[in-house]
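The block underneath contains the structure these notes are about, expressed in structure tokens.
The values are calculated or read from the model by the stated rules, or taken from the named source; none is laboratory data. Keep in mind it's a predicted model, so treat the numbers as computed, not measured. Every residue, glycine as well, gets a Cβ built from its backbone with ideal geometry; the counts of neighbours run over all protein chains shown.
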Amino acid sequence: MSAARPTYAAEARWFRIDGLKLLGPNAKRFTTLGGMRKEAKTVRRTREAALLRTKLAAAGRSVPPTTVHFARIGPGRLDDDNLIASFKHVRDGVAKALGVNDRRFVIVGDRSGIRVSHEQRSEGRGVYAVEVVLTWADA
């Protein structure tokens with residue numbers, strides 16, 4: 001069961017990566033060498049998936065989007081600082097695909113850059129995913 005897609009005045013392109021379980025920085029981490037290798041592999045796959053899906057979504061656009069919205073889908077809730085931190089590897093992949101430094105991502109303020117927002121929602125027990133919406137204001 002999916003939530004209704006919001007309507008945007010500007011051009012928006014979005015993608016979803018099903019099965020991607022985002023963990024906050026306080027989640028239990030691996031401490032053995034084999035466990036750290038497994039975690040590094042997961043991080044690499046997360047970045048690569050976000051990079052490839054962003055390239056497909058942004059195909060044909062010569063400028064970066066003006067806003068990027070990240071949604072974490074999962075049964076549990078993270079507090080706001082852990083929510084933002086859980087997107088680290090997804091954000092890195094999106095920034096690389098757009099050809100920008102992720103320092104250009106701004107959550108609030110007057111600084112020029114790519115506005116970023118985050119949300120989390122549940123679609124049922126055991127359902128994990130990430131959605132990313134790229135929006136261009138020049139459409």
Some residue of the range 40-53 being more than 17 Å from the chain's Cα centre (by Cα), of a type in the set (Lys, Arg) and farther than 18 Å from Ala12 by Cα: yes
Selected residue (criterion: modelled with the highest pLDDT) from residues of the range 4-21 that are out of contact with any strand residue (DSSP E or B) (no Cβ under 6 Å at 6 or more places or on another chain) and of a type in the set (Gly, Ala, Ser): Gly19
Set Arg103, Arg77: member being loosely packed, with under 11 Cβ neighbours inside 10 Å, over 20 Å from Leu56 (Cβ atoms) and either among the charged types (D, E, K, R) or in contact with a Gly (Cβ under 7 Å, 6 or more places away or on another chain) (or both): Arg103
Residue ID - modelled with the lowest pLDDT, chosen from residues in the range 109-125 that are closer than 14 Å to Ile73 by Cα and basic (Lys, Arg): Arg125
Criterion: in contact (Cβ under 8 Å) with a residue 40 or more places away in the chain, among the charged types (D, E, K, R) and under 25 Å from Arg44 (Cβ atoms) - qualifying residue of Glu131, Glu119: Glu131
Complete set of residues in the range 55-74 that are within 14 Å of Leu20 (Cβ to Cβ) and buried (at least 20 other Cβ atoms within 10 Å of the Cβ): Phe70, Arg72, Ile73, Gly74
Candidates Gly34, Gly24, filtered to the one that is at pLDDT below 95 and either touching a Gly at 6+ places or on another chain (Cβ under 7 Å) or in a loop (DSSP other than H, G, I, E, B) (or both): Gly24
